[in-house]
Amino acid sequence: MIRGVRILNIMLAKGAGGLEAMALHAHKALESEGAAVTSIGAPGSWFAGAFDGDPDAYKPFTAWTAFDPSAPTRLRRMTEALAPQLVLAHGSRAASLALKAFAGRIPVAAVVHNFRARRDLAKADLAICVSQAVTEDVWIHFPHLRAVTVENFAPLSPGPGPTANEGPPRIGSIGRMHRNKGYDVLLEAAARLKARGLDFRLTLAGDGPELAALKTQAASLGLADIVAFPGWMDSPVNVLKTLDLFVLSSRVEPFGLVVIEAMAFGVPVVATDIDGPRSILAGGQLGSLVRAGNPDALAIAIAAALADPQGARATARVAQASALERYSLKAGGARLAAALGPVLKAG
């Protein structure tokens, strides 16, 4: 359906996180479907580094400010020789630039990862939404916009799940250190577990604006000796292979890429009962769900999973099969290609 189609894949964020990872996954998935993909990103960004300097796969582009008036014209000129037939833009900033540069010239599909879509999204030819909840939000705010759900996907790494190890159980999470991720709630839950005499270790992997505050909170709660902050890791497997239990404590999570990565590796999951995780975990059939923002409920769910490791692992095996079937790069690429096909025909 998209074999041979020339696609620009635009991601302008400089940091590292789920949005940036999905832009990279989209590039790889579309290539596997036979498209000719060129990614555009900020020089020196994590996204740029993922292409190892390959000039055919990636081209740097600098937008001097978020509202750089010269950026649309410069982008068109820079990519003119590529003769793109479709633009796939990740995030509000990339979508805004792509629409200014290409709307009315070639189809623009905007990938919507959250509930904060900007007004200029209305000019897109297609909104690709990472969950049904995001799609419904787009329909409310942009009733005339074509919007489809294409759940996130990843080059998943099947793993053995928790293996017998000496020492206390290991709990962990991976993500951007932002208030929406609820790591402060997870630390409060950890403090409650420690107060009850439970021996464990906690790993919070990632980077972001709340990192310093979270380290301070961990120390103030008396957790400094059992909590590790290893920073951002390009491969989640580096963390997942050390865990007995993965915990997602987010307040807001339209999807939850790390949840499917943990499931695929065979690690039991406890997550907050919000849009993305609720769907991924089939309403609690593939992992435990707890009320968001509630450290007591989170502590109870963690303790229950650790108290029944055999039961948690049995659920994790079922969850692993589900993740590998639904969220692999191959499955995701097929969904993405199918969503883009009608836009190409209309264009």
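The values are calculated or read from the model by the stated rules, or taken from the named source; none is laboratory data. Here the structure is a predicted model, which means the values were calculated and not measured. Backbone-built Cβ (ideal geometry, glycine too); neighbour counts: all protein chains shown.
Take the residues in the stretch 161-171 that are surrounded by fewer than 24 Cβ atoms within 10 Å (Cβ to Cβ) and modelled with pLDDT of 90 or more, then tell me which one is nearest to the chain's Cα centre (by Cα).
Here is the first cut: in the stretch 161-171, the residues surrounded by fewer than 24 Cβ atoms within 10 Å (Cβ to Cβ) are 161-170.
Retained after the next criterion (residues that are modelled with pLDDT of 90 or more): 168-170.
Details: PRO168: 29, PRO169: 26, ARG170: 23 Å.
For the stretch 161-171, the residue satisfying everything is ARG170.
Could you run through the stretch 86-115 and say how many residues are among the aromatic types (Phe, Trp, Tyr) and touching a Lys or Arg at 6+ places or on another chain (Cβ under 6 Å)? Walk me through how you get there before you give the answer.
Our first condition is that a residue be among the aromatic types (Phe, Trp, Tyr); within the stretch 86-115, this holds for 102, 115.
Keeping just the survivors that are touching a Lys or Arg at 6+ places or on another chain (Cβ under 6 Å) gives none.
Matching residues across the stretch 86-115 total 0.
Residues in the stretch 214-225 that are surrounded by 15 or more Cβ atoms within 10 Å (Cβ to Cβ) and either among the charged types (D, E, K, R) or in contact (Cβ under 8 Å) with a residue 40 or more places away in the chain (or both): LYS215 only. Listed by position, the helices (runs of 4 or more DSSP H) inside the stretch 239-347 whose residues that are surrounded by fewer than 24 Cβ atoms within 10 Å (Cβ to Cβ) number at least 3 are 275-280, 295-307, 309-326, 329-346. From the list VAL111, VAL87, the one residue that fits, being crowded, with 17+ Cβ neighbours inside 10 Å, β-branched (Val, Ile, Thr) and under 26 Å from ASN180 (Cβ atoms), is VAL111.
For the stretch 86-98, enumerate the residues that are within 19 Å of VAL5 (Cα to Cα) and either in contact with a helix residue (DSSP H, G or I) (Cβ under 7 Å, 6 or more places away or on another chain) or β-branched (Val, Ile, Thr) (or both). Walk me through how you get there before you give the answer.
Going through the stretch 86-98, the residues within 19 Å of VAL5 (Cα to Cα) turn out to be 86-90, 98.
Residues satisfying the conditions are LEU86, VAL87, LEU88, ALA89, HIS90.
When we screen LEU204, LEU223 for residues that are more than 15 Å from the chain's Cα centre (by Cα), farther than 30 Å from ALA331 by Cα and at pLDDT 95 or above, the only hit is LEU223. Residue check: GLY182 meets all listed conditions (1) touching a helix residue (DSSP H, G or I) at 6+ places or on another chain (Cβ under 9 Å); (2) at positive phi; (3) surrounded by fewer than 15 Cβ atoms within 10 Å (Cβ to Cβ) but one, namely (3). Counted as qualifying within the stretch 14-104 are the strands (runs of 3 or more DSSP E) with 1 or more residues that are polar (S, T, N, Q) and either touching a His at 6+ places or on another chain (Cβ under 9 Å) or within 25 Å of PRO342 (Cβ to Cβ) (or both), namely 36-41. For ALA147, are the conditions met, namely being in contact with a Cys (Cβ under 8 Å, 6 or more places away or on another chain) and over 28 Å from LEU211 (Cα atoms)? Considered against the rule, which asks whether it is in contact with a Cys (Cβ under 8 Å, 6 or more places away or on another chain) and over 28 Å from LEU211 (Cα atoms), ALA147 comes out as yes.
Okay, residues lined up against (1) among the hydroxyl-bearing types (Ser, Thr, Tyr); (2) assigned by TED's automatic domain parsing to the domain that holds PHE115; (3) in contact (Cβ under 8 Å) with a residue 60 or more places away in the chain; (4) out of contact with any strand residue (DSSP E or B) (no Cβ under 9 Å at 6 or more places or on another chain):
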position: ALA13; (1), (2), (3), (4): no, yes, yes, no
position: ALA23; (1), (2), (3), (4): no, yes, yes, no
position: LYS28; (1), (2), (3), (4): no, yes, yes, no
position: SER32; (1), (2), (3), (4): yes, yes, yes, yes
position: THR38; (1), (2), (3), (4): yes, yes, no, no
position: PRO43; (1), (2), (3), (4): no, yes, no, no
position: PHE47; (1), (2), (3), (4): no, yes, no, no
position: ASP52; (1), (2), (3), (4): no, yes, no, no
position: PRO55; (1), (2), (3), (4): no, yes, no, yes
